[in-house]
Amino acid sequence: MDDNKETIITSCPRDCYDGCGIKVIREDGKISLVTGNPDHPSTRGPLCGKCGAAYNGAWRDENERLLYPLRRTGAKGAGQFERVSWDQALGDIAGRLTEVSDQHGANSIFNTHYTGTCSAIAGDFPSRFFERLGATEVNPDTVCNNAGHVAWNYVFGDSCNGFDPRTAKDSNCIVVWGANPSHSAPHVHKHWLKAHGAKVIVIDPVRHETAMAADLHLQLRPGSDAALAFSMLHIMQRDGLLDHDYIENHVLGYDDVSDVIKECSPQWGEENTGVSAMLIEQAAWSYANGPSVLWMGQGVQRQPTGGNIARALAMLPAFTGNIGKAGTGAYYLNRTVAMGGRRGTSPAYEPEDGHSDGPPSVSQMDIPDLLQDSDRVRAYMSWNCNPVASNPNQALMRKGLEREDLFTVVVDCFATDTADYADYVLPAASFLEFDDVNVSYFQLMVTPQVKCQDPMGESLPNQEVFRRLAKAMGYTEPELYETDTAIIKETINESGITMNWEELKQVGFSYVSEAPLVPWADCAFATPSGKIEIASTRAEADGLPLVPFAQPDPLPSDGTFRLLSPADKHLMNSSYGNDERVLKLMGPATVLVHPDDARGLGINSGNMVRLSNETGQIALSATISDAVLPRTLLSSKSRWAKCEESNVNINVVHQARKTDMGESTSVHGTEVRLELI
Ligand SMILES: Nc1nc2c(c(=O)[nH]1)N[C@H]1C(S)=C(S)[C@@H](COP(=O)(O)OP(=O)(O)OC[C@H]3O[C@@H](n4cnc5c(=O)[nH]c(N)nc54)[C@H](O)[C@@H]3O)O[C@H]1N2
Ligand SMILES: Nc1nc2c(c(=O)[nH]1)N[C@H]1C(S)=C(S)[C@@H](COP(=O)(O)OP(=O)(O)OC[C@H]3O[C@@H](n4cnc5c(=O)[nH]c(N)nc54)[C@H](O)[C@@H]3O)O[C@H]1N2
Ligand code: SF4
Ligand SMILES: [Mo]
């Protein structure tokens, strides 16, 4: 390689199953290319299209990035600011937070954050500041996956102990239930899913690329998953495919559901899910014969009864013993490194009642309403997220953020839809600009995040922003000032990997164990009984049914459609929505409509249609496709509203309705009317 050219090995910190390895080429001290690390076992070649574009586009473009602290000069929402110094910004923010805290209580300061970057320090360290402050935390998982977490915590006592993808070579069947890896995990889709000879079964209302590549696709009606699980179990019960030894020794609740299972024949399943009885039979046999992995995606639990669905799905591994052995597993997320809360947050993924000794917490679903309440919310601090683009009830979000008596601070790398409402915008350094550690939630692997250039402009890593703000507040606790070097060392130690930081930077990844792991091999489940609790007295004490039920959601009422708005192939939530090449790749915002519905409404591909409900309305370009079911619409999530002519995205019709468990989002339960414009 040329003398002036060097390669740095780093990794991608996005909220993505893949956890890719990255190679950065630097010429004359400047980044010239960000590309995939072919030696990384998940990536094996190029980055995904969106990162390949944005990491060589907006993320390194001084005209796109936020470079300096900004103070608002125009109306809230107008995005008009003037440049100020860090000292001015932090001094004023500290003064305002102290004033709000003294006059209204610290819990009227709302801390809103999520996974803009998932790296260990930049993702978690700022929470130390907010815990010290006593701010109310907007429970981040409630906009994403909390129903599934709460449900599987009832059942297994842990929702993040799924399976080791390295053991897939021992699997005969992999069921992908309500995930779309072709969008949300492109390298897993391309290199892992079909690589082991296991039969792949996809269960999803949409015929997406992963469904098309699968051996079986069960295209069920949205929200009918519990019915499908009960019907599959009926076949296993009828044909003697259940593992009664395993049930006897390690499961509570079979007797409580076995009579219901007996009633859920394949014909009943067909009527209640829309999937043919024959396909239900085939899926049941393949799964029960095993060894089988169940991958419960995040899409499936974003339904009004998402918690019940997750508990119903858990019956499959529990009653067939497809758990605790190589080639089996019940995967939702993996917790690669048990951090013990040392990075400063309450332990991740506790059921809500586990937050009792953490900061006060509210659901993201309550935020649009709460923002209207001057007594309850006086300051809104948003970092690592873009709630105007991502939250439900976009119009009400905007109305709340327009309040003159609300003090708003946004920390981001870009001038997002949310940043436009801030009193202060603070520029965050990107993952290419500081050292950190990434831990994947799919592969059991730790990867280094390595500084490749100085932060752009005056931007700072999140952790440094909040160290400086802590200082401006006069806080003295040492944990608020712990150095990155110390935290990296701790993270590596706790992960159990044998490499040190220098070795990790050379190699680019390290598995947390040399041999593949088999979660729950000891059958010691983290529930009160130590067994898998299909019957959960904890759930019952929380006002929920003792056991899961089979009923599907009712069909959409006359004239309405069920709107699904899952991950866009070209975006990472709203991230990259401002990148020029990504915008070109995406084209105009569309909605998929089934041919039968289109015919009835006189809609042709390319026509503009209106989706509306009592929450809002949006105009989209129609694409007629039988990849969706009748009375179901598909339009992907989280484009930048301000990059649209209409200044709205799909979340303008997204109702803030909570799931049955975990006060989480039921975005895929949204109902809309559809009309030709
Ligand atoms: N309609 C619909 N809406 C949805 C969903 C859906 O399925 N349908 N899904 C929901 C889900 S699953 C999620 S997780 C949420 C996600 O919603 P959000 O949490 O709002 O995620 P993003 O929109 O990606 O916003 C992340 C922001 O972090 C910024 N960022 C990146 N790196 C850094 C950094 O180092 N420091 C700082 N300070 N900022 C950084 C990015 O520029 C970006 O603006 O959206 C939800 N919204
Ligand atoms: N390209 C890209 N990748 C991403 C993201 C992104 O925005 N873009 N977001 C990241 C984040 S934050 C998350 S949480 C993950 C999410 O990634 P996934 O776990 O794959 O979840 P989703 O994309 O929300 O939805 C997956 C599928 O759920 C299906 N679904 C909806 N309702 C139902 C139902 O009732 N039953 C069943 N069986 N399926 C249903 C949808 O049709 C969709 O195909 O992806 C991450 N990766
Ligand atoms: S977003 Fe996901 S697929 Fe794309 S580079 Fe990052 S880890 Fe890989
Ligand atoms: Mo998410």
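The values are calculated or read from the model by the stated rules, or taken from the named source; none is laboratory data. Owing to the predicted nature of the structure, the values given are computational and were not obtained by experimental measurement. Every residue, glycine among them, receives a Cβ derived from its backbone with ideal geometry; neighbour counts consider all protein chains shown. Only protein heavy atoms, including side chains, enter the accessible area calculation; ligands, DNA and RNA are left aside. Shrake-Rupley method; radii C 1.70, N 1.55, O 1.52, S 1.80 Å.
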Which one of the conditions (1) assigned to a loop (DSSP other than H, G, I, E, B); (2) open to solvent by 10 Å² or more (accessible area, probe 1.4 Å) does residue 159 fail to meet, given that it meets all the rest?
(2)
Within the stretch 139-156, restricting attention to residues that are within 14 Å of ligand 2 (Cβ to nearest atom) and not in a helix (DSSP H, G or I), which residue is surrounded by the most Cβ atoms within 10 Å (Cβ to Cβ)?
145
Any pair with Cβ under 6 angstrom, 6 or more apart, that starts in the stretch 569-582 at a residue that is open to solvent by 40 Å² or more (accessible area, probe 1.4 Å) and ends at one that is more than 9 Å from ligand 1 (Cβ to nearest atom) and assigned to a helix (DSSP H, G or I)
569/183; 570/50; 570/582; 570/585; 570/586; 581/53
Can you tell me which of (1) over 18 Å from residue 458 (Cα atoms); (2) open to solvent by less than 10 Å² (accessible area, probe 1.4 Å); (3) within 13 Å of ligand 1 (Cβ to nearest atom); (4) not in a loop (DSSP other than H, G, I, E, B) is the one residue 420 doesn't meet?
(2)
For residue 92, all conditions in the list (1) under 18 Å from residue 407 (Cβ atoms); (2) open to solvent by less than 30 Å² (accessible area, probe 1.4 Å); (3) away from ligand 2 (no atom under 16 Å from the Cβ) hold save one; what is the number of the exception?
(2)
Out of the residues in the stretch 4-40 that are surrounded by 23 or more Cβ atoms within 10 Å (Cβ to Cβ) and of a type in the set (S, T, N, Q), which is nearest to ligand 2 (Cβ to nearest atom)?
11
The stretch 493-522, residues that are loosely packed, with under 15 Cβ neighbours inside 10 Å, among the hydrophobic types (A, V, I, L, M, F, W, C) and under 18 Å from residue 160 (Cβ atoms)
521
With the requirement that a residue be surrounded by fewer than 24 Cβ atoms within 10 Å (Cβ to Cβ) and charged (D, E, K, R), what does the stretch 173-228 give you?
190, 194, 199, 207, 209, 215, 221
Quick check: is even one residue across the stretch 121-138 within 16 Å of ligand 4 (Cβ to nearest atom), open to solvent by less than 10 Å² (accessible area, probe 1.4 Å), touching a helix residue (DSSP H, G or I) at 6+ places or on another chain (Cβ under 9 Å) and closer than 29 Å to residue 311 by Cα?
yes
When both residues are 6+ apart or on different chains and their Cβ atoms are under 8 Å apart, which pairs have a first residue that lies in the stretch 608-632 and is more than 18 Å from residue 650 (Cα to Cα), and a second that is of a type in the set (Lys, Arg) and open to solvent by 50 Å² or more (accessible area, probe 1.4 Å)?
626/207; 627/207; 629/221
Suppose the filter is more than 30 Å from residue 297 (Cβ to Cβ), in contact with a strand residue (DSSP E or B) (Cβ under 8 Å, 6 or more places away or on another chain) and at pLDDT 95 or above; does residue 437 pass it?
no
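Results for (1) outside any helix (DSSP H, G or I); (2) more than 28 Å from residue 299 (Cβ to Cβ), shown as yes or no for each residue.
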position: 228; (1), (2): no, no
position: 231; (1), (2): no, no
position: 235; (1), (2): no, no
position: 241; (1), (2): yes, no
position: 245; (1), (2): no, yes
position: 249; (1), (2): no, yes
position: 258; (1), (2): no, yes
position: 261; (1), (2): no, no
